[in-house]
Amino acid sequence: MGKSDKRMIDTISLLNKTLLKRLDAGASEDVTSQILDVFERLSDMDMTVTVLAETRIGSTVSKFKSFEGESEVARRAKAIVKGWKALARREGVSSGSKKATSPVEKRKPDPAPSVSLKSKTVETSVGSATLPPERWNSLPSMRRKFCLKFLELFVSENTDENADMEKLQNCAGAIESAIYDLRLEKSEVMAKCRQLAFNLRKNAPLRTRVLEGTVLPVALVRMSAEELATEESARAREEMLKKLHDASRLDWEKANDDKINEMCGIKGDLLKASLFTCNRCKSTKTTSTQKQTRSADEPMTVFVFCTNCGKRWKC
């Protein structure tokens with residue numbers, strides 16, 4: 001077993017633990033997104049029979065085949081397990097009562113992959129009219145795999161049975177070419193593909209703009225995480241940033257004085273009540289805070305602020 005296999009086994013073992021935790025956590029939008037992200041990483045790996053046998057990741061992924069019925073997680077789990085079973089058969093590994101693949105069968109070439117809009121999955125069909133473009137066959141294996149990944153994404157998320165397959169193919173190829181033109185390291189290329197695939201699957205408006213040509217692939221691959229996020233995620237991020245900004249404001253209490261009084265039930269004559277009177281304007285509209293500025297056995301220092309003239313003093 002080489003060092004690369006050992007590193008892959010360690011990585012898959014961590015992903016295996018993550019999947020088991022998410023399986024026990026139950027179904028939710030966050031859990032589903034995390035499971036799909038793990039599936040994306042597993043799909044990108046060059047899996048071997050040795051790694052499958054060592055990590056038993058196939059057993060874990062199979063548990064998701066009935067996750068929430070016919071959900072996206074269940075569909076992806078079935079597709080991944082199907083691919084791994086095909087890999088085991090090509091390597092001559094028998095499954096259950098099935099006979100091991102004969103040497104003659106192992107020498108049979110793999111049929112050319114194609115995409116079917118009806119089944120919405122990337123399948124192998126030699127006679128299909130939806131074969132990927134011939135130009136993809138000249139690409140390196142990793143680049144070709146990424147092209148097929150984006151093509152599968154567009155097909156699986158497409159709701160129009162009469163969609164233009166050539167348009168989907170061109171769009172998938174253009175996105176992969178734009179990523180390749182960034183001249184990134186291999187690990188960075190894989191991370192970028194996972195990021196785009198995940199966000200294009202979750203963000204339907206962005207996916208539509210990409211297919212319509214409103215957002216060019218060159219601009220898509222340079223978008224930040226905030227620009228790729230869905231509208232719901234963007235709103236949640238804005239609200240969080242607003243809360244952090246408000247928490248750091250020194251004048252937050254003054255700016256939100258009306259809200260504080262309303263929440264505390266202070267209204268009418270109570271708004272004019274105060275323990276301190278300003279000696280400058282003689283107003284009773286004052287607020288006070290206490291802080292321990294001296295030793296613990298000394299009383300707290302009271303800081304008073306006049307909301308009428310703005311004078312501050314301590315006592």
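The values are calculated or read from the model by the stated rules, or taken from the named source; none is laboratory data. These figures come from a predicted structure and were not determined experimentally. Every residue, glycine as well, gets a Cβ built from its backbone with ideal geometry; the counts of neighbours run over all protein chains shown.
Values for this structure:
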quantity: Flag for residue 282 being in a loop (DSSP other than H, G, I, E, B) and free of Cβ contacts under 8 Å to residues at least 24 places away in the same chain; calculated: yes
quantity: Tally of residues being farther than 16 Å from residue 143 by Cα and touching a residue at least 12 places away in the same chain (Cβ under 8 Å) across segment 196-215; calculated: 12
quantity: Search result, residues across segment 51-87 that are over 20 Å from residue 11 (Cβ atoms) and among the aliphatic types (A, V, I, L, M); calculated: 73, 74, 79, 86
quantity: Cross-chain or 6+ apart pairs with Cβ under 8 Å, segment 134-154 first and under 12 Å from residue 179 (Cβ atoms), then of a type in the set (Phe, Trp, Tyr) and at pLDDT below 85; calculated: 147/136
quantity: Members of segment 40-90 found to be in a helix (DSSP H, G or I) and closer than 15 Å to residue 6 by Cα, listed by number; calculated: 49, 50, 51, 52, 53, 54, 55, 57
quantity: Test: residue in segment 173-182 that is of a type in the set (Val, Ile, Thr) and part of a helix (DSSP H, G or I); calculated: yes
quantity: Filter result for residue 216 (aliphatic (A, V, I, L, M) and exposed (fewer than 10 other Cβ atoms within 10 Å of the Cβ)); calculated: no
quantity: Qualifying position, being in contact with a strand residue (DSSP E or B) (Cβ under 8 Å, 6 or more places away or on another chain), part of a helix (DSSP H, G or I) and either free of Cβ contacts under 8 Å to residues at least 40 places away in the same chain or basic (Lys, Arg) (or both), among 253, 262; calculated: 253
quantity: Conditions (1) surrounded by 12 or more Cβ atoms within 10 Å (Cβ to Cβ); (2) over 22 Å from residue 246 (Cα atoms); number of the one not met by residue 267; calculated: (1)
quantity: Test for residue 235: is it modelled with pLDDT under 85 and exposed (fewer than 12 other Cβ atoms within 10 Å of the Cβ); calculated: no
